[in-house]
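Visitor: Quick one: the structure is below, questions incoming.
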Amino acid sequence: GTMKRFRRHGHESQRDKHKQDLYQFNKTVEHGFPHQPSALGFSPSLALLAIGTRSGAIKLYGTPGVEFMGLHDENAAVTQVHFLPNQVGMVTLLDDNSLHMWTLRLLFVITDLFTATFPRIPEDYVGRRNLECVEALHENPLNPRQVLIGYGRGLMVLWDLDRQRPIQHFLCTQQLESVWWMEDGVNILSSHSDGSYCQWTVTGEDPQTEPEKQETPYGAFPCKAISKIIHPPFLIFSGGMPRASYGDRHCISVIHSKFHEALDFTSRIIDFFVIREPSALVVLVEEELVVVDLQSEGWPVIQTPYLVPLHCSAITCSHHVSSIPLKLWERVQAAGAQQNTHYSRKPWPIIGGQNLSPDPPQRDLLLTGHEDGTVRFWDASGVCLYPMYKLSTAGVFLTDADPNDNMNQGSEGEWPPFRKVGCFDPYSDDPRLGIQKIHLCKYSGYLTVAGTAGQILILELNDEAAEQMVEATVVDLLQGQEGFRWKGQARLDVREEPVLFPPGFQPFALVQCQPPAVVTAIALHSEWKLVAFGTSHGFGFYDYHQKNNIMVKCTLNPSDQVTMEGPLSRVKSIKKSLRQSFRRIRRSRVSMRKHHATNALQEINARLEAEALQEMELAPVQRKIEARSSDDSFTGLVRTLYFADTFVSDGSHSTPSLWAGTNGGAVFAYVLRVPSLERRAEDPVVAHAAKEIQLMHRAPVVGLVVLDGKGTPLPEPLEVAHDLARSPEMHGSHHLLVVSEEQFKLFTLPKVSSKSKLKLTAVDGSRVRRVGVAWFGSRTDEQLESSLVVLTNQGELHVISLPSIKMMVHYPCIRREDVSGIASCVFTKFGQGFYLMSPSEFERFSLSTRWVVEPRCLVEAPLQMRPKNPSSPVHRDQPDGVPTEHRSFNSQCLNDCGCALHSKLAYDLNTTASTTTEPRESLALERETSHSRASTPRERSARDHHLCLLRPNTVSPPNPLHADQPLFTPPASVRFTAAT
């Protein structure tokens with residue numbers, strides 16, 4: 001044994017080189033919608049959109065595929081983002097009063113700091129109260145040397161930057177919310193806290209005490225503040241709703257000619273802006289980005305190609321399918337297109353940068369199951385996670401939904417003229433609809449989805465709408481066991497009349513488990529036309545060709561009484577009462593009865609709903625498994641199911657079989673007799689018990705894989721028939737790999753004798769949480785190797801070789817405290833993976849050198865800032881504090897000066913797209929910081945009356961930056977001091 005330590009150096013280095021050829025860990029792109037957005041910015045010259053978040057992240061987006069991100073070191077919310085005009089640079093303001101400048105090297109130097117003071121304010125206007133803080137700043141669109149400054153108290157001052165003095169004062173009596181200088185340079189709009197807006201004219205007459213026009217759009221009764229207003233060509237403002245009736249609505253009103261609409265969003269409005277060509281309104285709300293086409297009749301919404309709210313309803317599970325055949329892809333796409341006819345046909349208006357990524361080598365689908373019983377199909381082939389199709393399972397069942405609940409359109413003649421926009425809708429009609437498991441066969445087009453109340457639906461793809469009955473086959477998993485009484489939720493009631501299903505996946509069979517517990521495992525074999533399912537009480541399998549159940553096995557132990565409680569029993573009553581409350585609120589709105597709910601009540605309701613949702617989120621049963629003990633009450637829970645054509649009874653005849661692994665470390669094997677194709681419709685499928693394994697350490701079995709005679713995992717059903725995999729090696733013995741939470745154990749078949757094992761280190765309490773088979777290959781060699789990919793409860797990824805079950809590499813990936821992130825992880829067949837980094841965002845990662853999906857793009861400076869001499873030498877020095885070795889994404893700080901920003905793109909700032917980086921190049925993005933903290937009440941009061949103005953000086957344009965240079969570097973530093 002001791003000699004093994006002294007291996008030849010050459011062998012070791014060769015093995016290390018082999019690992020380097022196959023494995024490389026990168027976090028590559030973030031899909032979905034940023035968690036808790038707090039600021040919005042747009043550059044018309046670059047056509048780039050920026051979103052800042054409460055955690056200090058900055059994300060930039062252009063044309064689909066152009067995106068990158070950064071992170072302020074300060075854990076503070078981004079409150080404002082401003083692009084520098086005609087530059088590839090921007091300034092961010094955080095809520096800790098710090099300013100951060102992000103800019104190209106040599107582009108900007110801050111040279112001057114102005115303090116403006118206003119001596120000529122009439123005494124009777126100021127009175128004894130101060131002017132409060134600066135609420136608004138706006139440049140004269142025709143003369144950037146004039147700035148309009150608006151104060152909270154209502155005063156507006158027109159300031160001349162050159163002569164350092166006020167030109168005109170506008171004295172308003174209402175609290176000021178925002179200002180807008182119209183394009184003619186003469187007219188100014190101000191919006192106010194009482195729901196009114198005023199129009200003022202720049203005349204030189206000083207002071208101006210009365211506006212030209214004052215209007216309260218939603219009139220007679222007290223209204224909420226208009227927080228922002230813009231004009232022309234359309235008059236658009238946020239807020240202003242009648243306080244008593246609609247004070248809790250999140251609305252933006254659009255008025256043009258005789259058309260007037262109040263766009264009604266389901267979450268709080270953060271900010272909005274208008275793109276002039278093509279005319280579109282871009283609105284950032286707390287849970288989604290909505291773009292409204294202002295050119296087309298009816299002002300339809302434009303479908304977003306990225307930033308899609310994955311959490312329209314809370315995600316409860318995920319399933320990834322690689323290399324989708326073109327025929328299936330086109331059929332799913334066609335079904336989805338029929339669901340999207342209400343969207344605008346105009347192209348996406350945010351088109352900055354160039355996407356240089358090659359076309360994806362294959363078509364990949366990510367399926368997400370949701371709490372409202374929907375399954376959403378996403379195109380996960382490239383950088384943008386694009387919505388393709390949505391399947392709803394709720395139509396099969398009778399739910400608590402009220403048929404009169406229609407919030408989508410306001411009734412005819414309603415005032416304000418509401419129109420529901422956006423797709424975020426966190427309210428589920430019934431939590432039992434929640435999807436827990438999904439399995440799609442890409443060859444046959446069969447899909448099976450399983451839910452929270454023991455329901456398993458089998459669906460097939462149909463290009464036409466069809467009306468059909470869905471009859472339930474009830475399966476008793478208790479098998480007459482005495483002394484057990486189910487205390488959890490009731491099963492869902494199935495509709496007894498035919499249901500019209502739209503084109504797409506349509507259910508044709510339903511299995512209902514009794515007791516109706518959460519379905520914890522499913523397996524689909526489309527060649528044998530069988531579906532296996534398991535809950536905390538046992539497992540069974542169903543013949544969906546003949547529509548009958550074949551076999552049931554109860555796995556309950558006499559001590560498993562807790563499994564009769566059901567994971568939903570504690571939250572069911574609160575969820576139901578909440579749903580009824582929300583429904584009452586919605587109905588009262590629709591019928592225009594005045595409904596007044598205080599903010600406090602809304603917050604309590606939202607918090608209770610969130611807590612109830614959290615109980616449901618991400619396979620609720622798994623959380624209870626975390627603290628396992630010898631008398632664990634969930635030992636019978638079925639964790640994994642697996643169909644295999646292998647040697648179970650003897651070594652000379654292979655036979656179809658079903659394998660099941662439980663939480664108590666037991667593995668059950670059943671031999672199946674599947675009739676020949678000619679007799680498949682008449683003869684029954686027969687099953688009988690063949691083997692039972694009990695692991696000594698009794699750890700939950702989380703994965704089962706059969707390896708063929710060459711040590712390769714068996715192919716998927718129908719994969720060989722479609723010539724996409726070689727036939728399994730049936731000469732030589734097969735092996736069963738049992739993956740428990742604590743170890744990997746290889747058994748010979750059919751004898752089931754232990755051959756080898758690998759223990760996961762128990763020192764740090766590591767447990768296997770997710771496991772999958774993946775194929776790896778180097779960039780140069782066509783040959784692929786199969787390996788096991790594992791995620792532990794410590795958030796670490798391990799790659800384990802097959803069939804030798806040796807640890808190859810391991811990488812930290814997810815914070816160990818992020819339990820829901822770990823529980824949400826899903827692996828792809830080719831060494832990539834996804835996990836929820838927040839309820840609305842997937843982080844995508846890759847363990848493979850060969851298959852990596854990440855942004856590669858080009859952003860060029862506007863024409864007037866292009867280098868005049870592209871052949872001049874390039875200065876390649878690294879800026880201070882940016883280490884050159886950081887090439888892959890890393891959420892830690894990248895340098896010493898408190899900047900953890902990096903571009904997730906390969907960037908090239910040459911004027912042509914000829915030079916690009918290798919796919920995993922990442923470039924540092926830097927920013928300069930300036931703090932302006934007023935520490936005493938006197939200083940704060942002083943700052944209220946004064947304004948600091950920065951004047952950027954443009955210097956000569958930079959030389960072209962090559963791809964191995966950092967993109968963003970700090971300018972000269974700026975420091976603010978409070979005026980005294």
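The values are calculated or read from the model by the stated rules, or taken from the named source; none is laboratory data. All figures in this text were calculated on a predicted structure; none of them were measured in a lab. Don't worry about glycine lacking a Cβ; one is built from the backbone with ideal geometry, like all the others, and counts go over all protein chains shown. With ligands, DNA and RNA removed, areas are computed over all heavy atoms of the protein, side chains included. Shrake-Rupley method; radii C 1.70, N 1.55, O 1.52, S 1.80 Å.
Visitor: What order, most packed first, do the peptides 358-364, 274-280 have when packing is the mean number of other Cβ atoms within 10 Å of each residue?
Guide: Listed from highest to lowest mean packing, they are 274-280, 358-364.
Visitor: Follow-up. Compactness ratio of the stretch 243-313: Cα Rg over 2.2 N^0.38 Å, N = residue count?
Guide: Normalised Cα radius of gyration, the stretch 243-313: 1.16.
Visitor: Could I ask something else about it? Summing Lys, Arg as +1 and Asp, Glu as -1, what charge do residues with Cβ under 10 Å from the Cβ of Gln175 carry, Gln175 excluded?
Guide: Residues near Gln175 contribute -3 overall.
Visitor: Taking N as the number of residues in the stretch 193-296, what is its Cα Rg relative to 2.2 N^0.38 Å?
Guide: The reported ratio for this selection is 1.16.
Visitor: Label point 7 Å out from Ser296 along Cα-to-Cβ: which residues of the stretch 419-446 have amide N under 18 Å?
Guide: From the stretch 419-446, the list is 419-423.
Visitor: Sorted by mean Cβ packing within 10 Å, highest first, what order do the peptides 312-319, 195-202, 808-815, 461-468 take?
Guide: 312-319, 195-202, 808-815, 461-468
Visitor: Kindly provide log₁₀ I(q)/I(0) values, in the same order as q = 0.20, 0.22 Å⁻¹, from the Debye equation applied to equal alpha-carbon scatterers of the stretch 660-764.
Guide: At q = 0.20, 0.22 Å⁻¹ the computed log10 ratios are -1.14, -1.23.
Visitor: If the limit is 29 Å between Cα atoms, which of Lys213/Lys346; Lys327/Lys547; Lys27/Lys437; Lys258/Lys420; Lys437/Lys691; Lys327/Lys420 go over it?
Guide: With Cα atoms farther than 29 Å apart: Lys213/Lys346; Lys327/Lys420.
Visitor: In addition: Students often check this: by mean Cβ neighbours within 10 Å, which of 299-307, 329-337 ranks highest, and how do the rest follow?
Guide: Output ranking for 299-307, 329-337: 299-307, 329-337.
Visitor: Roughly what would the spin-label model give for Ser733 and Lys420, points 7 Å off Cα along C-beta, in nm?
Guide: 6.2
Visitor: Carbon-plus-sulfur fraction of the accessible area of the stretch 425-552, 1.4 Å probe, in percent?
Guide: Within the stretch 425-552, the accessible surface is 41 percent carbon and sulfur.
Visitor: Convert 25 °C to kelvin, take the viscosity as 0.890 mPa s, use the Kirkwood radius over C-alpha pairs of the stretch 638-708 as Rh, and evaluate the Stokes-Einstein diffusion coefficient in µm²/s, rounded to a whole number.
Guide: It comes out at roughly 186 µm²/s.
Visitor: Calculate what fraction, in whole %, of the accessible area of the stretch 5-86 sits on carbon and sulfur atoms when a 1.4 Å probe is rolled over the protein chains.
Guide: Here carbon and sulfur together make up 48 percent of the probe-accessible area.
Visitor: Still on this model: Mind jotting down the distance between the C-alpha centroids of the stretch 191-261 and the stretch 27-94, whole Å?
Guide: So the two Cα centres are separated by 29 Å.
Visitor: Quick one: with all protein chains in place, what share of the accessible area of the stretch 132-251 is carbon or sulfur, to the nearest percent (1.4 Å probe)?
Guide: Within the stretch 132-251, the accessible surface is 49 percent carbon and sulfur.
Visitor: Using the crude model of +1 on Lys and Arg Cβ and -1 on Asp and Glu Cβ, and no other charge, please compute the dipole size for the stretch 438-518 relative to its Cα centre, in debye to 20.
Guide: I would put it at about 460 debye.
Visitor: For the pair Asp95 and Ile255, what calculated FRET efficiency results from E = 1/(1 + (r/R0)^6), where r is the Cβ-Cβ distance and R0 = 41 Å, to the nearest 0.05?
Guide: My answer for the efficiency is 0.80.
Visitor: Tell me the net charge near Leu714. Cut-off is 15 Å between Cβ atoms, Leu714 excluded, with +1 for each Lys or Arg and -1 for each Asp or Glu.
Guide: Result for the neighbourhood of Leu714: -3.
Visitor: For the stretch 257-408, report the translational diffusion coefficient in µm²/s to the nearest whole number, using Stokes-Einstein at 20 °C, 1.002 mPa s, and a Kirkwood Rh over Cα pairs.
Guide: 120
Visitor: With a Förster radius of 45 Å, plug the Cβ-Cβ distance of Glu782 and Val752 into 1/(1 + (r/R0)^6) and report the FRET value to the nearest 0.05.
Guide: Plugging the Cβ-Cβ distance into 1/(1 + (r/R0)^6) gives 0.80.
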